[in-house]
Amino acid sequence: MATKNKLKVLGFAGSLRRGSYNKALLRAAADLLPEDMNLEIFDIEGITPFNQDIEENMPLKVKEFKAKIREADAILIATPEYNYSVPGVLKNAIDWASRPYGDNAFEGKPAAIMSASVGMLGGARAQYHLRQIFVFLNMYPINGPEVILSFSQDKFDANGKLTDENTKKFLRHLLQNLADWTRRLRK
Ligand SMILES: Cc1cc2nc3c(=O)[nH]c(=O)nc-3n(C[C@H](O)[C@H](O)[C@H](O)COP(=O)(O)O)c2cc1C
């Protein structure tokens, strides 16, 4: 399919860690995309703590993030769960991109969520908190499949490559559903 007709998806992870399983999950997604989809991965590292005093004159990195979100047809977030919720760095990046009031870059965007955790519940609780945040952002997340990667330390090789075939299957399905949903919302 010609590149210009492909859906543009912007992906970002809620972890800054170099060896992050969630970053690795995004890289795995890039290898499993449907034919009509492109994925660009944005690193939220370097986004300063939100300060409303400077929201009208936001840092360059935030401007870049907002522009990438606006250019994208859909959003893909891979996040860890920190203390039963979304990591502060992810919430911070989202808060920046939603401001100033009336200039929310996420407005109306379709989205898909996935999570990876070393724990048994795979970050599920963070996913539901993220869904709640999407309500005020007026985003349209797909409901399934829920890609919830538990015991992630067992599912990647030493180079951070996803080795678990079942996860690959769910990931493919999630990406296909995101493509279908994005095209459906456009109609
Ligand atoms: C501050 C902190 C809080 C955490 N809280 C949770 C938690 O509530 N639930 C969970 O499943 N894992 C929790 N973890 C473990 C993470 O799942 C694990 O560190 C994971 O590898 C983080 O994702 P990453 O590999 O993408 O950085 C926590 C880790 C940190 C550093």
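The values are calculated or read from the model by the stated rules, or taken from the named source; none is laboratory data. Values in this document were obtained by computation on a predicted structure and should not be read as measured data. In this analysis, Cβ positions are derived from the backbone assuming ideal geometry, glycine residues included, and neighbour counts consider all displayed protein chains. For the accessible areas, the whole protein counts, side chains as well, though only heavy atoms, and no ligand, DNA or RNA atoms are used. Shrake-Rupley method; radii C 1.70, N 1.55, O 1.52, S 1.80 Å.
Six or more apart or on different chains, Cβ under 7 Å: which pairs go from a residue in the stretch 39-63 that's in a loop (DSSP other than H, G, I, E, B) to one that's among the hydroxyl-bearing types (Ser, Thr, Tyr)? Could you list them?
59/48
So which residues in the stretch 86-109 are open to solvent by 10 Å² or more (accessible area, probe 1.4 Å) and not in a loop (DSSP other than H, G, I, E, B), if there are any at all?
88, 89, 91, 92, 95 - these are the residues of the stretch 86-109 that are open to solvent by 10 Å² or more (accessible area, probe 1.4 Å) and not in a loop (DSSP other than H, G, I, E, B).
Can you name the residue in the stretch 152-163 that is near the ligand (Cβ under 10 Å from one of its atoms) and not small (Gly, Ala, Ser) and is also least open to solvent (accessible area, probe 1.4 Å) among such residues?
Among those residues, the one meeting the criterion is 156.
Within 16 Å of the ligand (Cβ to nearest atom) and open to solvent by 10 Å² or more (accessible area, probe 1.4 Å), is that true of residue 117?
For residue 117, the condition - within 16 Å of the ligand (Cβ to nearest atom) and open to solvent by 10 Å² or more (accessible area, probe 1.4 Å) - is met.
Here are some residues: 124, 179. Which one is over 13 Å from the mean Cα position of the chain (by Cα) and surrounded by 20 or more Cβ atoms within 10 Å (Cβ to Cβ)?
It is 179.
Give me the residue from the stretch 134-147 that is in contact with a strand residue (DSSP E or B) (Cβ under 6 Å, 6 or more places away or on another chain) and aliphatic (A, V, I, L, M) and, out of that set, surrounded by the fewest Cβ atoms within 10 Å (Cβ to Cβ).
142
Among the numbered criteria (1) over 14 Å from the mean Cα position of the chain (by Cα); (2) crowded, with 19+ Cβ neighbours inside 10 Å; (3) among the hydrophobic types (A, V, I, L, M, F, W, C), which one does residue 25 miss?
Residue 25 satisfies every listed condition except (1).
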